[in-house]
1. For the Cα atoms of chain B, what angle does the longest principal axis make with the long axis of helix B:125-134, in degrees from 0 to 90, nearest 10?
2. With the Cα gyration tensor of segment A:115-200 in hand, give its eigenvalues times 5 under a square root as the equivalent ellipsoid semi-axes, listed largest first in whole angstrom.
3. Antiparallel DSSP bridges in the protein assembly as shown: what percent, to the nearest 5?
4. Partner chain Cβ atoms within 10 Å, averaged over the residues of B:10-22 - can you pull that number for me?
5. As a test, work out the antiparallel percent of DSSP beta bridges whose residues both lie in chain A, rounded to the nearest 5.
6. Classify segment A:48-164 as rounded, prolate or oblate from the Cα gyration tensor: take a ≥ b ≥ c as the square roots of its eigenvalues, call it rounded if a/c is under 1.5, otherwise prolate when a/b beats b/c and oblate if not.
7. Can you tell me the orientation of helix B:6-16 relative to chain B, as the angle in degrees between its alpha-carbon axis and the longest Cα principal axis, to the nearest 10?
8. Of the peptides A:93-102, A:108-117, how do they stack up when ordered by the mean number of other Cβ atoms within 10 Å, highest first?
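What follows is calculated from the coordinates using simple rules that are stated; it is not laboratory data. For clarity, every value in this text was computed on a predicted model and none was experimentally measured. As a convention, Cβ positions derive from the backbone with ideal geometry for all residues, glycine included, and neighbour counts pool all protein chains shown.
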């Protein structure tokens, strides 16, 4: 016999299905919730449903937004000549947090991965090409990861866009900030040396 | 400027207020939710509100329940002559999981703590006494923690219940299961030696 009433068990099961929430966290959260102010619980539940209902993919770049087009696509202060290609909408968030990029974005929606049955036609590449046709884009910055599938996707994109009058660049790979050579693996060091830049 | 739409920021703030959910977890959870099946989000939100509305404190023992009295108080197979006194409703869950106790429970609702302004009158001691009057209780097992405030609460209860025809016991303190002497602190070892039992 479980010592917990049924509605609590249901809630624990639902919470435990969320990413990064293990059985013990789910239990702790559920027990916290049933002891919280009912209004606060109502508010949290509402925020969830509302966020899910209102947050959509931007029809232009594919980023998260509550309006069409998204705030970044709409922002006239952002450089329209640069488009940063990312894998997922959350990657936009990471780049925005870095505060180092002031152009537009384009979400691919994945990486080319034959093993997982993801081909170029499954990614938002055609949409990127039609943006190239209608927007004054001069540089496409590939901000994908540094794994094999990201490599493949970058090579594919570079080739497919070769005939276009647009510069295609890829973000640098090398030592992460605040780290030493002793913490870097061989491949990182190889890439760091390959990507070395003149400093005078 | 935040790169996230407003409803998402609201949700992240709400999730970040939960215990054990840091800013990064809150962000990850929120981003997961806005990409989930809307029906699943609806279900989770509903489970929360329902659990909060239906789960109450048992009027008899103070444990969590969706009915009055709770399943444990109602269960005729459980030994009515033993009452285990715990600090919080969740403690019942821990003891039930251990599968080692088949009596009833009583939730105190806290520990005596003069520093935090918690006195005996703030705990469910009077309710415990009236249960002693109407239920066939022969043993009260104090299953509180092993900190100073729990000690004080146990001493107080033992004294207050001294005139009653009831045995008052406290759960043992000593080595945790699967541990060695080298991992135990001095106080634990002192308590373990004090609490030694004959094994033949």
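1. 60 degrees
2. So the equivalent ellipsoid measures 29, 18, 10 Å along its semi-axes.
3. Of all bridge pairs located within the protein assembly as shown, approximately 20 percent are antiparallel.
4. 5
5. For chain A, the DSSP antiparallel bridge percentage is about 20.
6. Oblate shape, in that a/c is at least 1.5 and b/c is the bigger or equal ratio.
7. 10 degrees
8. A:108-117, A:93-102
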